[in-house]
Amino acid sequence: MKSITGWRVYVLMFAGMALVGCASMSSDMYSMRDASMPFGAEMLADAAPSDSAADSEAASERHTMAADLATPKDRLVIYYGSVALLVESIAEQMDRMLVLVKEAGGYMQSLNDKVVVVKIPAAQFGDVVARIERLGEVTHKNIVGEDVTDQMRDFQIRLKNAEQIRDRLAALLDRAEKVEDALKIERELGRVTEGIELLKGQIQMIANRIAFSTLTVTFNSPLPQQTVKQEIPFPWVLQLGGDMVTGSRGRSRYHSAKSRRRVKFDLPESFAKYEEDHYRTRAMSADGVFLKVERHDNVEGGDLTFWTTFIKRALAARRALRVTDAADIEIHGGKAGVMLSAAKEIGAKPHRYLVAVTQTDKYVVTYEAWGPAEAFKNAETAIRKSVMTVRL
(Lines give C-alpha, C1' and ligand atoms only; values in the text may rest on other atoms or scores of the structure.)
Protein backbone atom coordinates (compact mmCIF):
# COMPACT_ATOMS: atom_id res chain seq x y z
CA MET A 1 0.00 0.00 0.00
CA LYS A 2 1.42 3.41 -0.98
CA SER A 3 1.74 5.91 1.87
CA ILE A 4 0.31 9.44 1.96
CA THR A 5 2.78 12.33 1.96
CA GLY A 6 2.29 15.39 4.15
CA TRP A 7 1.99 17.94 1.31
CA ARG A 8 -0.61 15.85 -0.47
CA VAL A 9 -2.65 15.64 2.72
CA TYR A 10 -2.46 19.44 2.78
CA VAL A 11 -3.97 19.61 -0.73
CA LEU A 12 -6.94 17.66 0.55
CA MET A 13 -7.20 19.83 3.68
CA PHE A 14 -7.27 23.00 1.56
CA ALA A 15 -10.10 21.61 -0.56
CA GLY A 16 -12.21 20.85 2.52
CA MET A 17 -11.54 24.23 4.13
CA ALA A 18 -12.51 26.11 0.96
CA LEU A 19 -15.87 24.36 0.85
CA VAL A 20 -16.99 24.79 4.44
CA GLY A 21 -15.42 28.17 5.18
CA CYS A 22 -13.08 27.00 7.95
CA ALA A 23 -10.35 29.23 9.38
CA SER A 24 -6.98 29.41 7.65
CA MET A 25 -4.45 26.76 8.59
CA SER A 26 -1.38 27.69 10.61
CA SER A 27 1.82 28.67 8.81
CA ASP A 28 3.64 25.45 9.59
CA MET A 29 1.14 23.48 7.50
CA TYR A 30 2.14 25.51 4.43
CA SER A 31 5.72 24.31 4.75
CA MET A 32 5.05 20.58 4.79
CA ARG A 33 6.79 19.18 1.71
CA ASP A 34 7.82 15.53 1.87
CA ALA A 35 8.24 14.71 -1.82
CA SER A 36 10.45 11.71 -1.08
CA MET A 37 7.45 9.66 0.02
CA PRO A 38 5.58 8.04 -2.91
CA PHE A 39 1.87 8.69 -3.39
CA GLY A 40 -0.46 7.33 -6.09
CA ALA A 41 -1.96 10.02 -8.30
CA GLU A 42 -5.17 8.05 -8.56
CA MET A 43 -5.62 8.19 -4.75
CA LEU A 44 -5.26 11.98 -4.72
CA ALA A 45 -7.77 12.26 -7.56
CA ASP A 46 -10.24 10.20 -5.57
CA ALA A 47 -9.77 12.30 -2.45
CA ALA A 48 -9.96 15.89 -3.75
CA PRO A 49 -11.53 16.74 -7.11
CA SER A 50 -9.80 19.37 -9.22
CA ASP A 51 -10.94 22.99 -9.03
CA SER A 52 -12.20 22.86 -12.60
CA ALA A 53 -14.25 19.74 -11.90
CA ALA A 54 -15.73 21.25 -8.74
CA ASP A 55 -16.47 24.53 -10.56
CA SER A 56 -18.11 22.64 -13.41
CA GLU A 57 -20.24 20.60 -11.02
CA ALA A 58 -21.29 23.69 -9.07
CA ALA A 59 -22.09 25.60 -12.26
CA SER A 60 -24.16 22.70 -13.54
CA GLU A 61 -26.13 22.49 -10.30
CA ARG A 62 -26.67 26.25 -10.23
CA HIS A 63 -27.97 26.15 -13.80
CA THR A 64 -30.34 23.28 -13.02
CA MET A 65 -31.64 24.92 -9.85
CA ALA A 66 -32.05 28.24 -11.62
CA ALA A 67 -34.21 26.55 -14.25
CA ASP A 68 -36.26 24.82 -11.56
CA LEU A 69 -36.85 28.09 -9.68
CA ALA A 70 -37.57 30.26 -12.71
CA THR A 71 -41.16 31.09 -11.74
CA PRO A 72 -41.80 33.60 -8.91
CA LYS A 73 -43.94 31.16 -6.95
CA ASP A 74 -40.90 28.92 -6.51
CA ARG A 75 -38.67 31.62 -5.07
CA LEU A 76 -37.68 31.29 -1.41
CA VAL A 77 -38.72 34.48 0.36
CA ILE A 78 -38.55 35.55 4.01
CA TYR A 79 -41.34 37.97 4.86
CA TYR A 80 -41.30 40.34 7.80
CA GLY A 81 -43.06 43.56 8.51
CA SER A 82 -44.46 46.06 10.96
CA VAL A 83 -47.91 47.55 11.45
CA ALA A 84 -49.00 50.40 13.75
CA LEU A 85 -52.65 50.55 14.79
CA LEU A 86 -54.69 53.28 16.44
CA VAL A 87 -57.29 51.67 18.71
CA GLU A 88 -59.54 52.61 21.60
CA SER A 89 -58.54 49.80 23.98
CA ILE A 90 -54.98 48.52 23.60
CA ALA A 91 -55.39 45.51 25.88
CA GLU A 92 -58.62 44.36 24.22
CA GLN A 93 -57.36 44.60 20.65
CA MET A 94 -54.02 43.05 21.58
CA ASP A 95 -55.83 40.00 22.95
CA ARG A 96 -57.94 39.76 19.79
CA MET A 97 -54.83 39.93 17.63
CA LEU A 98 -53.17 37.10 19.54
CA VAL A 99 -56.28 34.96 19.05
CA LEU A 100 -56.08 35.59 15.28
CA VAL A 101 -52.41 34.61 15.24
CA LYS A 102 -53.01 31.43 17.25
CA GLU A 103 -55.94 30.40 15.02
CA ALA A 104 -53.62 30.71 12.00
CA GLY A 105 -51.02 28.41 13.61
CA GLY A 106 -48.69 31.20 14.73
CA TYR A 107 -47.34 32.17 18.12
CA MET A 108 -46.18 35.16 20.16
CA GLN A 109 -42.44 35.85 20.27
CA SER A 110 -42.43 38.85 22.61
CA LEU A 111 -44.85 41.29 24.21
CA ASN A 112 -44.77 44.51 26.19
CA ASP A 113 -47.34 47.19 27.00
CA LYS A 114 -47.87 48.33 23.41
CA VAL A 115 -45.75 46.19 21.08
CA VAL A 116 -46.24 42.54 20.15
CA VAL A 117 -43.94 40.49 17.93
CA VAL A 118 -45.55 37.39 16.45
CA LYS A 119 -44.54 34.55 14.15
CA ILE A 120 -47.09 33.64 11.47
CA PRO A 121 -47.02 30.69 9.02
CA ALA A 122 -45.88 32.16 5.70
CA ALA A 123 -48.88 30.76 3.82
CA GLN A 124 -51.22 32.65 6.18
CA PHE A 125 -49.16 35.84 6.49
CA GLY A 126 -51.10 38.07 4.07
CA ASP A 127 -54.49 36.98 5.36
CA VAL A 128 -53.52 37.42 9.03
CA VAL A 129 -52.04 40.88 8.39
CA ALA A 130 -55.25 41.94 6.66
CA ARG A 131 -57.36 40.71 9.59
CA ILE A 132 -55.10 42.46 12.10
CA GLU A 133 -55.44 45.74 10.18
CA ARG A 134 -59.21 45.61 10.68
CA LEU A 135 -58.72 45.79 14.46
CA GLY A 136 -58.05 49.54 14.27
CA GLU A 137 -56.86 52.42 12.12
CA VAL A 138 -53.59 51.68 10.32
CA THR A 139 -51.13 54.55 10.85
CA HIS A 140 -48.04 52.74 9.58
CA LYS A 141 -47.39 49.63 7.52
CA ASN A 142 -44.18 48.18 6.13
CA ILE A 143 -43.95 44.68 4.65
CA VAL A 144 -40.61 43.44 3.28
CA GLY A 145 -39.79 40.29 1.37
CA GLU A 146 -36.19 39.07 1.34
CA ASP A 147 -35.39 36.65 -1.50
CA VAL A 148 -33.00 34.02 -0.15
CA THR A 149 -33.22 31.55 -3.04
CA ASP A 150 -29.62 32.11 -4.17
CA GLN A 151 -28.32 32.05 -0.59
CA MET A 152 -30.10 28.78 0.14
CA ARG A 153 -28.88 27.27 -3.13
CA ASP A 154 -25.30 28.28 -2.34
CA PHE A 155 -25.48 26.71 1.12
CA GLN A 156 -26.92 23.50 -0.31
CA ILE A 157 -24.18 23.22 -2.95
CA ARG A 158 -21.48 23.91 -0.35
CA LEU A 159 -23.04 21.30 1.92
CA LYS A 160 -23.12 18.66 -0.81
CA ASN A 161 -19.50 19.31 -1.78
CA ALA A 162 -18.38 19.35 1.86
CA GLU A 163 -20.09 16.00 2.43
CA GLN A 164 -18.24 14.59 -0.58
CA ILE A 165 -14.93 15.85 0.82
CA ARG A 166 -15.80 14.29 4.19
CA ASP A 167 -16.49 10.92 2.55
CA ARG A 168 -13.22 11.07 0.62
CA LEU A 169 -11.30 12.01 3.75
CA ALA A 170 -12.84 9.05 5.54
CA ALA A 171 -11.77 6.78 2.69
CA LEU A 172 -8.23 8.18 2.80
CA LEU A 173 -8.11 7.65 6.54
CA ASP A 174 -8.86 3.97 6.05
CA ARG A 175 -5.97 3.74 3.57
CA ALA A 176 -3.40 5.72 5.58
CA GLU A 177 -0.40 3.64 6.70
CA LYS A 178 1.51 6.18 8.78
CA VAL A 179 0.26 7.49 12.11
CA GLU A 180 1.38 11.00 11.17
CA ASP A 181 -0.74 10.94 8.02
CA ALA A 182 -3.73 9.51 9.87
CA LEU A 183 -3.58 12.26 12.51
CA LYS A 184 -3.46 14.99 9.87
CA ILE A 185 -6.46 13.52 8.06
CA GLU A 186 -8.40 13.09 11.31
CA ARG A 187 -7.85 16.75 12.20
CA GLU A 188 -9.11 17.89 8.83
CA LEU A 189 -11.99 15.43 8.95
CA GLY A 190 -13.04 17.05 12.24
CA ARG A 191 -12.88 20.53 10.69
CA VAL A 192 -14.91 19.48 7.66
CA THR A 193 -17.50 17.71 9.84
CA GLU A 194 -17.85 20.82 12.00
CA GLY A 195 -18.29 22.93 8.88
CA ILE A 196 -21.00 20.57 7.66
CA GLU A 197 -22.92 20.96 10.91
CA LEU A 198 -22.63 24.75 10.65
CA LEU A 199 -23.97 24.69 7.10
CA LYS A 200 -26.87 22.46 8.16
CA GLY A 201 -27.64 24.89 10.97
CA GLN A 202 -27.64 27.85 8.58
CA ILE A 203 -29.92 26.02 6.16
CA GLN A 204 -32.32 25.10 8.98
CA MET A 205 -32.35 28.67 10.29
CA ILE A 206 -33.24 30.04 6.85
CA ALA A 207 -35.90 27.35 6.40
CA ASN A 208 -37.48 28.32 9.73
CA ARG A 209 -37.51 32.01 8.79
CA ILE A 210 -39.12 31.13 5.46
CA ALA A 211 -41.78 28.98 7.14
CA PHE A 212 -42.74 31.59 9.75
CA SER A 213 -42.95 35.28 8.87
CA THR A 214 -42.32 37.90 11.55
CA LEU A 215 -44.75 40.72 12.23
CA THR A 216 -44.32 43.54 14.75
CA VAL A 217 -47.58 45.24 15.76
CA THR A 218 -47.57 48.50 17.70
CA PHE A 219 -50.78 49.64 19.36
CA ASN A 220 -51.53 53.27 20.16
CA SER A 221 -54.64 54.98 21.49
CA PRO A 222 -55.85 58.60 21.62
CA LEU A 223 -57.68 57.73 24.84
CA PRO A 224 -56.16 57.33 28.31
CA GLN A 225 -55.75 53.66 29.08
CA GLN A 226 -57.27 53.09 32.48
CA THR A 227 -55.30 50.30 34.03
CA VAL A 228 -55.30 49.16 37.60
CA LYS A 229 -52.08 47.58 38.79
CA GLN A 230 -52.99 44.42 40.65
CA GLU A 231 -50.45 43.25 43.17
CA ILE A 232 -50.06 39.52 43.78
CA PRO A 233 -49.45 38.95 47.51
CA PHE A 234 -48.09 35.43 47.06
CA PRO A 235 -44.30 35.48 46.47
CA TRP A 236 -44.08 31.90 45.21
CA VAL A 237 -46.51 32.71 42.37
CA LEU A 238 -44.29 35.61 41.28
CA GLN A 239 -41.27 33.29 41.12
CA LEU A 240 -42.82 30.81 38.67
CA GLY A 241 -40.99 30.77 35.34
CA GLY A 242 -38.10 32.74 36.80
CA ASP A 243 -35.55 29.96 36.61
CA MET A 244 -36.15 29.48 32.90
CA VAL A 245 -35.80 33.20 32.10
CA THR A 246 -32.81 33.90 34.36
CA GLY A 247 -31.05 30.58 33.90
CA SER A 248 -31.01 29.84 37.65
CA ARG A 249 -30.42 26.19 38.47
CA GLY A 250 -30.95 26.22 42.24
CA ARG A 251 -28.53 25.43 45.05
CA SER A 252 -27.31 22.02 43.84
CA ARG A 253 -27.81 20.21 47.12
CA TYR A 254 -29.35 16.83 47.75
CA HIS A 255 -30.83 15.44 50.96
CA SER A 256 -30.91 11.68 50.74
CA ALA A 257 -32.72 11.24 54.07
CA LYS A 258 -36.36 10.42 53.59
CA SER A 259 -38.91 12.84 54.96
CA ARG A 260 -42.64 12.58 55.19
CA ARG A 261 -42.88 16.25 54.31
CA ARG A 262 -41.01 16.22 51.04
CA VAL A 263 -42.84 16.38 47.70
CA LYS A 264 -43.21 12.87 46.32
CA PHE A 265 -43.46 11.99 42.63
CA ASP A 266 -41.97 9.56 40.13
CA LEU A 267 -38.96 11.04 38.37
CA PRO A 268 -39.27 11.07 34.56
CA GLU A 269 -37.10 8.61 32.67
CA SER A 270 -33.57 9.92 31.92
CA PHE A 271 -33.78 12.65 34.62
CA ALA A 272 -31.59 12.93 37.72
CA LYS A 273 -32.25 14.81 40.95
CA TYR A 274 -29.68 17.39 42.02
CA GLU A 275 -31.58 19.17 44.81
CA GLU A 276 -34.13 17.95 47.31
CA ASP A 277 -35.35 19.22 50.66
CA HIS A 278 -38.62 19.28 52.60
CA TYR A 279 -40.42 21.57 50.15
CA ARG A 280 -38.60 21.46 46.83
CA THR A 281 -37.13 18.99 44.35
CA ARG A 282 -35.07 19.87 41.30
CA ALA A 283 -33.97 17.53 38.52
CA MET A 284 -32.59 17.74 35.00
CA SER A 285 -32.02 15.67 31.89
CA ALA A 286 -28.68 15.31 30.14
CA ASP A 287 -29.83 17.51 27.24
CA GLY A 288 -30.84 20.49 29.38
CA VAL A 289 -34.48 20.08 30.38
CA PHE A 290 -35.13 21.11 33.99
CA LEU A 291 -37.79 20.27 36.56
CA LYS A 292 -38.77 22.02 39.77
CA VAL A 293 -41.50 20.58 41.99
CA GLU A 294 -42.48 22.65 45.03
CA ARG A 295 -45.00 22.57 47.84
CA HIS A 296 -46.46 25.84 49.15
CA ASP A 297 -48.81 26.64 52.03
CA ASN A 298 -52.38 27.15 50.89
CA VAL A 299 -54.69 29.91 52.14
CA GLU A 300 -58.36 29.90 52.96
CA GLY A 301 -60.36 30.02 49.73
CA GLY A 302 -57.36 29.02 47.61
CA ASP A 303 -58.98 26.55 45.22
CA LEU A 304 -57.69 25.36 41.84
CA THR A 305 -59.47 28.09 39.84
CA PHE A 306 -58.04 30.79 42.09
CA TRP A 307 -54.43 29.60 41.78
CA THR A 308 -54.65 28.92 38.04
CA THR A 309 -55.91 32.47 37.41
CA PHE A 310 -53.11 34.02 39.45
CA ILE A 311 -50.43 31.85 37.84
CA LYS A 312 -51.54 32.81 34.31
CA ARG A 313 -51.50 36.50 35.24
CA ALA A 314 -48.07 36.31 36.86
CA LEU A 315 -46.49 34.41 33.96
CA ALA A 316 -47.76 36.97 31.43
CA ALA A 317 -46.91 40.06 33.47
CA ARG A 318 -43.52 39.08 34.85
CA ARG A 319 -42.09 36.56 32.35
CA ALA A 320 -43.85 37.48 29.07
CA LEU A 321 -45.05 33.87 29.06
CA ARG A 322 -48.53 33.77 27.60
CA VAL A 323 -50.24 30.45 28.26
CA THR A 324 -51.19 28.81 24.97
CA ASP A 325 -52.82 25.68 26.36
CA ALA A 326 -54.60 24.83 29.61
CA ALA A 327 -55.89 21.34 30.37
CA ASP A 328 -57.62 19.74 33.33
CA ILE A 329 -55.76 16.67 34.56
CA GLU A 330 -56.18 13.97 37.18
CA ILE A 331 -53.26 13.40 39.52
CA HIS A 332 -52.40 10.42 41.72
CA GLY A 333 -55.26 9.47 44.04
CA GLY A 334 -57.89 11.12 41.83
CA LYS A 335 -56.87 14.68 42.75
CA ALA A 336 -57.80 17.38 40.25
CA GLY A 337 -55.11 19.53 38.65
CA VAL A 338 -54.48 21.94 35.80
CA MET A 339 -51.57 21.85 33.33
CA LEU A 340 -50.51 25.07 31.58
CA SER A 341 -48.18 25.27 28.57
CA ALA A 342 -46.28 28.25 27.14
CA ALA A 343 -43.41 29.06 24.77
CA LYS A 344 -40.76 31.77 24.66
CA GLU A 345 -37.60 32.60 22.72
CA ILE A 346 -34.55 32.90 24.97
CA GLY A 347 -31.22 33.83 23.41
CA ALA A 348 -32.85 33.65 19.94
CA LYS A 349 -33.74 30.00 20.56
CA PRO A 350 -37.26 28.64 21.15
CA HIS A 351 -37.95 27.25 24.61
CA ARG A 352 -40.95 25.44 26.06
CA TYR A 353 -42.43 25.82 29.54
CA LEU A 354 -44.98 23.73 31.44
CA VAL A 355 -46.45 24.18 34.89
CA ALA A 356 -48.98 21.92 36.57
CA VAL A 357 -50.79 22.88 39.77
CA THR A 358 -52.83 20.88 42.27
CA GLN A 359 -53.91 21.61 45.85
CA THR A 360 -55.44 20.51 49.11
CA ASP A 361 -56.77 22.68 51.92
CA LYS A 362 -53.26 22.75 53.44
CA TYR A 363 -50.91 22.76 50.43
CA VAL A 364 -50.47 23.83 46.81
CA VAL A 365 -48.02 21.86 44.67
CA THR A 366 -46.52 23.24 41.45
CA TYR A 367 -44.61 21.12 38.95
CA GLU A 368 -42.54 23.22 36.51
CA ALA A 369 -40.61 21.92 33.48
CA TRP A 370 -38.69 23.94 30.90
CA GLY A 371 -35.93 23.71 28.31
CA PRO A 372 -34.97 24.12 24.63
CA ALA A 373 -37.95 23.30 22.43
CA GLU A 374 -36.43 20.27 20.69
CA ALA A 375 -35.11 18.68 23.89
CA PHE A 376 -38.37 19.45 25.68
CA LYS A 377 -40.36 17.79 22.90
CA ASN A 378 -38.32 14.60 23.32
CA ALA A 379 -38.95 14.54 27.08
CA GLU A 380 -42.52 15.86 27.12
CA THR A 381 -44.32 12.50 27.26
CA ALA A 382 -42.22 11.36 30.22
CA ILE A 383 -42.72 14.71 31.98
CA ARG A 384 -46.49 14.58 31.61
CA LYS A 385 -46.57 11.03 32.99
CA SER A 386 -44.45 12.19 35.92
CA VAL A 387 -46.87 15.04 36.67
CA MET A 388 -49.66 12.48 37.15
CA THR A 389 -47.67 10.76 39.92
CA VAL A 390 -47.42 13.73 42.31
CA ARG A 391 -48.53 12.66 45.78
CA LEU A 392 -49.87 15.27 48.19
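What are the residues in the stretch 53-106 that are modelled with pLDDT of 90 or more, over 15 Å from Leu135 (Cβ atoms) and of a type in the set (A, V, I, L, M, F, W, C), if any?
If the condition is that a residue be modelled with pLDDT of 90 or more, over 15 Å from Leu135 (Cβ atoms) and of a type in the set (A, V, I, L, M, F, W, C), then Leu76, Val77, Ile78 are the ones that fit.
In this structure, is Ala162 assigned to a helix (DSSP H, G or I), without any contact (Cβ under 8 Å) to a residue 24 or more places away in the chain, among the small types (Gly, Ala, Ser) and outside the structural domain of Met97 (by TED's automatic domain parsing)?
Considered against the rule, which asks whether it is assigned to a helix (DSSP H, G or I), without any contact (Cβ under 8 Å) to a residue 24 or more places away in the chain, among the small types (Gly, Ala, Ser) and outside the structural domain of Met97 (by TED's automatic domain parsing), Ala162 comes out as no.
So, in the stretch 325-371, exactly how many residues are more than 19 Å from Leu240 (Cβ to Cβ), surrounded by 13 or more Cβ atoms within 10 Å (Cβ to Cβ) and touching a Pro at 6+ places or on another chain (Cβ under 8 Å)?
The number of residues fulfilling the criteria is 1.
If you go through the stretch 281-313 one residue at a time, how many are closer than 24 Å to Phe234 by Cα, crowded, with 17+ Cβ neighbours inside 10 Å and in contact with a Gly (Cβ under 8 Å, 6 or more places away or on another chain)?
Of the residues in the stretch 281-313, 3 are closer than 24 Å to Phe234 by Cα, crowded, with 17+ Cβ neighbours inside 10 Å and in contact with a Gly (Cβ under 8 Å, 6 or more places away or on another chain).
Any residue that is in contact with a Leu (Cβ under 9 Å, 6 or more places away or on another chain) and under 21 Å from Gln204 (Cβ atoms) - is there at least one of those in the stretch 122-142?
Scanning the stretch 122-142 turns up at least one residue that is in contact with a Leu (Cβ under 9 Å, 6 or more places away or on another chain) and under 21 Å from Gln204 (Cβ atoms).
Could you please give the count of residues in the stretch 75-134 that are under 24 Å from the mean Cα position of the chain (by Cα) and outside any helix (DSSP H, G or I)?
So the answer is 23.
Give me the residue from the stretch 325-383 that is part of a strand (DSSP E or B), under 15 Å from Asp287 (Cβ atoms) and among the basic types (Lys, Arg) and, out of that set, farthest from the chain's Cα centre (by Cα).
Checking each candidate, the answer is Arg352.
Gln204 fails exactly one of the following numbered conditions: (1) free of Cβ contacts under 8 Å to residues at least 60 places away in the same chain; (2) outside any helix (DSSP H, G or I). What is the number of that condition?
It fails just one condition, (2).
What about Arg134, is it surrounded by 15 or more Cβ atoms within 10 Å (Cβ to Cβ) and basic (Lys, Arg)?
Considered against the rule, which asks whether it is surrounded by 15 or more Cβ atoms within 10 Å (Cβ to Cβ) and basic (Lys, Arg), Arg134 comes out as no.
Taking the stretch 170-210 on its own, how many of its residues are acidic (Asp, Glu) and within 30 Å of Pro121 (Cα to Cα)?
1
Within the stretch 290-305, can you find the residues that are assigned to a helix (DSSP H, G or I) and within 30 Å of Tyr274 (Cα to Cα)?
Residue satisfying the conditions is Leu304 alone.
Report yes if some residue within the stretch 306-322 is within 30 Å of Ile206 (Cβ to Cβ), within 29 Å of the chain's Cα centre (by Cα) and in a strand (DSSP E or B); otherwise report no.
No; the residues of the stretch 306-322 include none that is within 30 Å of Ile206 (Cβ to Cβ), within 29 Å of the chain's Cα centre (by Cα) and in a strand (DSSP E or B).
Filter the stretch 259-280 down to residues that are exposed (fewer than 13 other Cβ atoms within 10 Å of the Cβ) and under 21 Å from His296 (Cβ atoms) and give me whichever is modelled with the lowest pLDDT.
So, considering only residues that are exposed (fewer than 13 other Cβ atoms within 10 Å of the Cβ) and under 21 Å from His296 (Cβ atoms), the one modelled with the lowest pLDDT is Ser259.
The values are calculated or read from the model by the stated rules, or taken from the named source; none is laboratory data. Everything numeric in this text was worked out from a predicted model, so none of it was measured. For neighbour counting, all protein chains shown are included, and Cβ atoms are generated from backbone atoms with ideal geometry for every residue, glycine included.
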